[in-house]
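The values are calculated or read from the model by the stated rules, or taken from the named source; none is laboratory data. From a predicted model like this one, the values you see are computed outputs, not experimental measurements. Quick reminder, even Gly has a Cβ in these numbers, built from the backbone with ideal geometry, and neighbours come from all protein chains shown. Ligands, DNA and RNA are stripped out before the accessible areas are found, and what is left, the full protein with its side chains, is counted by its heavy atoms. Shrake-Rupley method; radii C 1.70, N 1.55, O 1.52, S 1.80 Å.
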Amino acid sequence: MLSISEFKQYRIFWVWQQVTPDVRQALISFWQDNAAIKDAFEAWRRTFEVACVALNPSGQIIGVSSVYSALGAGAPYWFYRTFIRKDCRDVGLAQRLFTGTRQQLALAYTDEPQAPVGMMVVLENPKLERPSGTRINQRGGLSFLGCNEHGQSVWHLLFQSSARQEAP
């Protein structure tokens with residue numbers, strides 16, 4: 001695991017494609033203990049999408065970012081998700097997880113023309129629809145694309161290496 005950032009007392013690690021069986025089990029327990037992903041198979045499957053983990057000083061997982069690649073707005077993107085344990089949702093931690101994930105993904109596949117051109121975020125949490133959430137997204141470099149069929153806001157950003165490509 002590569003330590004990429006610190007936020008208050010938490011350390012953030014890049015674990016993309018490096019999740020060991022022990023870390024996989026810790027992730028499954030984290031999601032199930034916090035009622036984030038109740039289905040055991042779905043939790044196991046999602047461990048293969050984990051990009052960053054945030055750990056408390058005791059080494060327990062308190063936050064996770066994950067990505068999967070798919071087509072969106074006519075181009076391949078990394079679709080981003082995050083979950084932070086309720087008692088650890090300090091203002092700024094989610095943004096730090098997002099920034100760490102974005103920076104690492106932007107570097108990981110820069111020489112591969114078929115790679116995702118950026119990141120897509122579908123807001124599943126209605127609280128993020130507030131003006132303060134919009135400002136945070138914009139400060140993070142995201143642009144609003146519209147709403148999906150479920151009425152959720154969809155945001156995206158292009159990686160610098162994708163700037164030559166036309167935005168969708």
Checklist entry - Filter the range 111-123 for residues that are part of a loop (DSSP other than H, G, I, E, B) and modelled with pLDDT of 85 or more; which is nearest to the chain's Cα centre (by Cα)? => result L123
Checklist entry - Looking only at helices (runs of 4 or more DSSP H) that fall completely inside the range 1-109, which ones have 1 or more residues that are open to solvent by less than 20 Å² (accessible area, probe 1.4 Å), polar (S, T, N, Q) and in contact (Cβ under 8 Å) with a residue 12 or more places away in the chain? => result 93-108
Item to check | Count of residues meeting criterion [open to solvent by 70 Å² or more (accessible area, probe 1.4 Å) and in a helix (DSSP H, G or I)] in the range 137-146 | outcome: 2
